[in-house]
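Just so it is clear, none of the values below were taken in a lab; they were calculated from the coordinates. Keep in mind that this is a model prediction, so the values were computed, not measured. Because the Cβ atoms are built from the backbone with ideal geometry, glycine has one as well, and the counts that use them run over all protein chains shown.
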Amino acid sequence: MLRVDDVHTYYGDSHILQGVSLEIPRAAIVGILGRNGAGKTTLVRSVMGFTPARRGRILFDEAEITRLRPYRIARLGLCVVSQGRQIFPSLDVAETLAVGARPKPDGWTVEKVYELFPPLRARAHHPAGRLSGGEQQMLAIGRSLMTNPSLLLLDEPTEGLSPLYIEAVGHVIRTLQQSGMSMLLVEQRLRFALLYADYVHIMSRGKIVHSSSPQELGRDADVRARYLGV
Amino acid sequence: MKKHLVLALVALVAAVVLVPAAPAAEKPPIKIGFIAPKTGNFAQFGLDMLNGFKLYLSEIDYMIAGRKVELIEEDEGATPANAVTKARKLIEHDKVQLMGGLLMAAAAYAVAPVVQEAGVPLVITVAASDDLTQRKASKYLARVSLTGGEHGHVAGDYAYRKLGWRKVAVIAMDYGWGHEVTGGFQRVFEELGGQVIQKIWTPVITTDFGPYVASLKPEADGILDVVTGAASIRLIGELRKAGVLDKKKVLAAGTATDETLLTALGDTALGVLTFLPWSQALDTPENKRFVERIKQVTKKDYVGFSGAINYGAAMWIAEAIRQVGGDVENKEKFFQTLRATEIKSSPRGPIKIDKYGHIIQNIYIRRVDKVGNLYQNTVIETYPSVSQFWKYNPEEYLKQPIYSRDNPPCRHC
Amino acid sequence: MDVAATRAPMRLVTGLAVALVILAGLAPVLPSYVVILMTEGLIYAIAAASLDLLLGFAGLASLGHSAFFAVGAYTTAILVTRHQASFGAALAASIVLAAVASAAIAILVLRATGIYFMMITLAVSLCAWGLAYRWVSLTGGDTGIVGIPRPRVPWVGLASGTLSFYYTVLALFVVCLALYLLLIWSPFGKTLVGIRDSESRMRVLGYNVFLHKAVALVVAGAFAGLAGSLYAYYNGFVGPSAVDLAHSMQFVLMVIVGGPGTLVGPLIGAFAITFLEKMVSVFTERWVMVLAAAYVVTALWAPRGMLGLLRAAR
Amino acid sequence: MTGHAGDGGATPAVQCEGVTRWFGGLEAVSQVSLSLAAGERRAIIGPNGAGKTTLFRLISGEMPVTAGRVRLFGRDITTTPCHRRTQLGLGRTFQITNLFPTLSVLDNLVLAALGLGRTKFSMLRPLWTYPEPRARALETLDTVGLADKRDAIVRTLSHGEQRQIEMALALLTCPRVLLLDEPTAGLSPAESALMTRAIQQLDRSITILLIEHDMDVVFDIVSRITVLHLGRFFAEGSPAEVRQDPRVQEIYFGAGEVTAC
Amino acid sequence: MEFWVNQTFNGVSYAALLFLLGGGLTLIFGVMKIVNIAHGSFYLVGGYLGVALVAATGNFYLALLGAALAVAAGGVILERVFLRAVEGDDLRQMLLTMGIALFFQDACLLVWGGDPFNLRGPAYFAQSVKLGGFTFPILRLFMIAAAGVLFVVLWWFQEKTRAGAMVRAAIDNAEMTEALGINVPILKMAVFGLGAFLAGVAGVVGSAFMGIYPGLDFEILPYAFVVVIVGGMGSLSGAFVAALVLGLLDNFGKALFPEISYFTLFAPMAIVLAFRPTGLFGRA
């Protein structure tokens, strides 16, 4: 579904991604683990087109998207749930869900999002900026679902959430996967990633340094210690 | 980097040195520098000035007393500082024998000392500030345009004697021209027995005259309006809309209904009275001929005041050069002749110069009328040969401070 | 003393010295109008470089710089025409008063940052213009103050007023340039760059960021006052146009066109814009178009200003 | 380092009393009280969004408190501006690297070395003629092992190197109390170990308050841990106690397993 | 009584003009974060085109629409060809828009000459209505109506339509908005065009009110800035309130204390900014 092929990305002069390659099969969840500054978010930004790769190629459904503008990439069926949620404070919940909606037969609707996240329904006409952290995260995911993506990039979706909400997010991820959606799951919480990902990569200093099934990584204390400090 | 700098400098030097390549004639041309705005807010005034000035020169084929005349035009833009720089260029680089032009009073004040120091005759063809030829008069300066004070005097006399006003409200722009016209008006009007009961000073950039018009005192017999340029359109429009023009007469400083504004003013200005040393509708052979000729140049129905007075200025300068037989190099003689030169008939009438360097000329009272499809400033009264000192003794007049916001003070406000 | 650290500055000083020698040596053989414009260029260069201390170094894009320039100009005009002040006294008073004015304004404007700083300084500039226009007894209103004689500085063997004044300005320019260089190399100069890069870090390092910015405004204001004083002498008069928004914009444009944060860039920018306006207008009525094109071209193709372009070309 | 010895056991180095901070309607830090003895090394932990960094900003004075008081060695500094607190001996590093990106490494350090002196207002002498701040900067540069990078522009350095400079800048302000906001964030295990050792080896008189996710780092450095959760004080104790506390495990580690990376 | 009614009415109508001037600029500010110095030029070109179109068609409303659309089209082209190239660099944007402004200033002088024009509206613009003993000029009523209608339409568009939500989203976070598949580059172009459209409307209405002449572009620019800054950048409601407050303040200031006419607009701006550096309704 998504192929990232030897991607190099720079911020100004600094070389952040130094040759990253990975693939996401259809309806699979691929986890990316790594410390702060390893380049996880930059990878997401490169895929989404915010910070286009300077070298290498990114293919989505066999079409090259390396240097497309983000909105073109989004319209092909990618969407991102950014780190820090990036809520629009000037919009209320209903508006946030509607603003980027790209309806599809049998696709996501506002109603379905409310079913998935009941607290949002009660808050439909509250400004998004006044929601709690967990509600904002639901809204961020809901907003992305409304574009009916086939691939969702989740950048630390559990950051700053209480255990209850973390569990809810996990549940949502599972539901989405069952509906056939592919996901790139960037996480700092090892346990969370191991629980939901079908395959995991560990990044360090802009490179993928380890790739395995979550079970293998769960067994490999050495790798965990070396790259994740666990 | 240094190489680039040097190259750039060399290129600049070459450009300046090569341009005024003078033809090697036995008698070099007479160089006249002319400073007028060709860009910025006042560009059209400047272009009109040049049109008028050059029209006369072209009528005499740029030849005076057997010498070619070379006119060097410089753009003062919208800032007086530019005028100074350009004046220095004309003096030091082009070595002009006479300098003309200057629209804004500030530019004229700024340029005068520079020209004076260089001993080059300066003929101001528009800038109107009183003191240029009064308390700050300088030896090499002559002015063939107008002053605010002289116009105010005429208006004060006319308002009291002919219009029968006794109480007047003034709305005037808050700068030299406004202060001086108002001051002159107030002095003559109040000496005759009238009262100025209100003076409203409006900033030069005023987008909305509504608040001022609404606060005009209703007991005034008439309104003196000293607002010029595009702002005049707003003020007169506002006076019309607020109904003031239907109830009262408005006497306005001439350029408030300058011919170049008449289209924009349209019907709103009908009946407004103004005072100025010229009108396009002035019915003399010289003027009719001038109007016809300048229309061929500008291709417009309306001829601006600044074009007309600059045509006259060129006539007068040329006459002086003729009288010295083209010997402009003899500065003192040339300048004395210049000041002594008289013209019996120009588009605006006769021209002569008083001993302070200012023009003595007719001032006309005009009324905005519509004749056919066109508007005009119909001349309804002529004040002949008006001096900048009105009927006062010049020495005593000059002992008083210049007209300003509070001089004369508003005793009846 | 760190020898390595002095290498780049020494190169810069050498380069500037060569440029100054050229500026000084060429003047007598150049047409006088070019010398006149070079004088103006030098005055604007002092002002533009002072703005660069704020805009390029401390990251404070001020649209109100002409206010301090004008304080200097009016101070000189008033002292010279009404109190027969000497050149030195007028200069000193202009510098001091401009500095005092900046200190007062600093308190008002320094809470705002970024675009809001630009806008509040714009408001200051507009109010200053209103003051210059309205406070007639002090400023002479719209006609301003005229009749400021050129300072009499006896330069050996120089008869021409133009040339003599040019060397006077050049000498003061050299002094300013030296002070500017010392300033940007000094500890204080570095603190300004630090503030531009990260105010929050500067605070936790123990810097009173507000005070440093205020001092920068005062210093820049003092230099602008000096330039304003010279401007008064140069033109022989001062009017409200010295304070208007266009003038403030012009300083900012000089800095941007030359290259902000470089000190040398604004000097080039000042010369470039002065000559573009006053030299091109001798040849074509459409000089405004030429200036417009120059701005657009610089904005599009010289992201770091003319100095950046020159550096890239090397 | 010229850190003062502790002012005796009686006066706490840092004392927060009911410190509270509102952002609009959101209570980011609520009624937090804590007290650090001079020379104590304490960690603050808690999940993201617990208010740790906000608390740091309130202590350092980057942000005013909505309510409560902050004391430094007994002195009430609640309304003291940030830069004055630094002069009183409060140093701080940032979680997200906060350096002077367009300046060289040496200039970064020199700026830090100048912060507390009078020299910073000097305008008429080039910086390179001042031997003292330069010497201090170079000395610190040596200790963090970046001497060969001194003329590199900071923007071009690697993340690890920038974290080291982050630390060096704080140390150059001669702090008696040091607030370290995730000093090992994004470092490799080897770099992280180096950083941990460097912190361990700091003058014992420096009081340290540390935000850190890496539990190994925390255990190596501190003797006590304060846990924040949703802006509130949650628990406090020795590392072992906190690790055993099931409530802490519940909120922080997720159920059961230590997973912080 | 008459004084207060008249002056309030004048103030409100002046506020209408200020809102027309500043409304477009605040939209551009909010979405594009640029100091658009060419905004006054849009006004100027709009005014001149309006004059030309009234002369050609004889219909004021046709001219209003035509001129505003033409200016909007010009704005769109400028955004696409020039401004996009300097995105995110406010100093270069300033330099660029200054260049554009100078170009239009000179081009207008070249095309229309320097004589002032007065845009001739329908005949009833010159008349007044009498209501309860007070006289209200119809032109001023029209200005109030135009500003009121435009504000309501824009407010409705921004607050109640999906496109408006997109604009607000882009003001809040352009990157995230684009990640939702919204074509932010086109959105910016459209908003710039809308801003230019409003400036064009202001130019035509303004020219009917106060005439048009060279240099007006830079004369009105500070007024537009004042409205935007006091109201808070990007806030339409802020611009509306700011225009109203400033219009009344300026009007009563001038009527009651003509001595301080020079400061009635800009001193409030400086004071507001000194205490609320992001304007009345602005967010940092």
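For the range C:295-310 and the range D:89-162, write down the distance between their C-alpha centroids in whole Å.
32 Å
Calculate the mean, over all residues of peptide E:257-267, of how many other protein chain Cβ atoms lie within 10 angstrom of the residue's Cβ.
6
Just how many % of Cα pairs in chain A lie over 26 Å apart, if you round to the nearest whole percent?
For chain A, the share of Cα pairs beyond 26 Å comes to 35 percent.
Please sort D:118-127, E:267-276 by packing, taking for each peptide the average over its residues of neighbouring beta carbons within 10 angstrom, highest first.
E:267-276, D:118-127
Mark the label point 7 Å from the Cα of B:K217 along Cα→Cβ and return the residues of the range B:223-263 whose backbone N is within less than 14 Å of it.
Residues B:223-224 fall inside that zone.
Could you please rank B:Y140, A:Y10, placing first whichever residue has the fewest other Cβ atoms within 10 Å of its Cβ?
A:Y10, B:Y140
As an exercise, use a Förster radius of 45 Å and the Cβ-Cβ distance of D:A147 and A:Y11 to find the FRET efficiency, rounded to the nearest 0.05.
Once the sixth-power term is evaluated, E becomes 0.95.
Could you tell me which trypsin sites (Lys or Arg not before Pro) in the range A:156-230 are loop residues by DSSP with no more than 13 other beta carbons within 10 angstrom of their beta carbon?
Of the trypsin sites (Lys or Arg not before Pro), not one in the loops of the range A:156-230 has a Cβ with at most 13 other Cβ atoms within 10 Å.
Run down the lysines and flag those whose C-alpha is under 25 Å from the C-alpha of D:K52, throwing out any fewer than 8 positions away in its chain.
A:K40
Give the percent of DSSP beta bridges with both residues in the protein assembly as shown that are antiparallel, rounded to the nearest 5.
Around 50 percent antiparallel, to the nearest 5.
Taking a 25 Å limit on the Cα-Cα distance, which of the listed pairs B:K95/B:K295; B:K54/B:K355; B:K217/B:K241; B:K248/B:K300 fall beyond it?
B:K95/B:K295; B:K54/B:K355; B:K248/B:K300, as the Cα separations exceed 25 Å there.
Given the -39500 (n - 2.57) contribution per DSSP H run of 4+ residues, what per-residue ellipticity at 222 nm results for chain E, rounded to the nearest 500 deg cm²/dmol?
Result for chain E, helices only: -25000 deg cm²/dmol.
Between E:A85 and D:R155, what is the FRET efficiency for a Förster distance of 30 Å, r being their Cβ-Cβ separation, to the nearest 0.05?
Working from the Cβ atoms, E equals 0.80.
With just the Cα atoms defining each centre, how far is the range E:83-100 from the range C:175-215? Give it in Å.
One Cα centre to the other: 27 Å.
Only counting other Cβ atoms within 10 Å, I'd like B:S345, B:S138, B:S279 sorted with the fewest neighbours first.
B:S345, B:S138, B:S279
Ordered by packing density, taken as the mean number of other Cβ atoms within 10 Å over each peptide's residues, highest first, how do E:213-222, B:382-391 rank?
Packing order, densest peptide first, comes out as E:213-222, B:382-391.
Label points 7 Å out from Cα along the Cβ direction at B:K95 and D:Q200: separation in nm?
9.0 nm
Could you work out how far the C-alpha centroid of the range D:210-250 sits from that of the range E:27-42, in angstrom?
After rounding, the separation between the Cα centres reads 51 Å.
With angles folded into 0 to 90 degrees, how steeply does helix E:2-32 sit against the dominant principal axis of chain E? Use alpha carbons for both and round to 10.
Roughly 10 degrees between the two axes.
Out of the range A:49-100, which GluC sites (Glu not before Pro) are coil in DSSP terms and have no more than 16 other C-beta atoms within 10 Å?
A:E62
Describe numerically, in nm with one decimal, the distance between label points set 7 Å from Cα along Cα→Cβ at A:A63 and at B:L163.
Those two pseudo-labels are separated by 7.6 nm.
Can you give the longest stretch of chain B with no exposed loop site, where a site means GluC sites (Glu not before Pro) in a DSSP loop (not H, G, I, E or B) with at most 15 other C-beta atoms within 10 Å?
With GluC sites (Glu not before Pro) excluded where exposed in loops, chain B gives B:27-218 as its longest stretch.
Counting only other chains, and only Cβ atoms inside 10 Å, what mean value do you get across the residues of C:103-115?
The shielding value for this peptide is 3.
Roughly how many nanometres apart are two label points built 7 Å out from the Cα toward the Cβ at B:Q400 and C:L211?
A separation of 5.9 nm, rounded to one decimal place.
Efficiency by 1/(1 + (r/R0)^6): what FRET value for A:K112 and A:S132, r their Cβ-Cβ distance, R0 = 25 Å, to the nearest 0.05?
My answer for the efficiency is 0.70.
Hey, what number do you get for chain B at 222 nm if only DSSP H runs of n ≥ 4 count, each worth -39500 (n - 2.57), divided across all residues, to the nearest 500?
-12500 deg cm²/dmol
Relative to the longest principal Cα axis of chain E, at what angle does helix E:138-160 sit, 0 to 90 degrees, rounded to 10?
Relative to chain E, helix E:138-160 is tipped by roughly 30 degrees.
When you count, for each residue, the other Cβ atoms within 10 Å and take the mean per peptide, how do B:270-277, D:134-141 rank with the highest first?
Output ranking for B:270-277, D:134-141: B:270-277, D:134-141.
Report, as an integer, the average count of C-beta atoms from other chains found within 10 Å of each Cβ along A:89-96.
5
Quick one: angle between helix B:305-323 and the longest Cα principal axis of chain B, in degrees between 0 and 90, rounded to 10, please.
50 degrees
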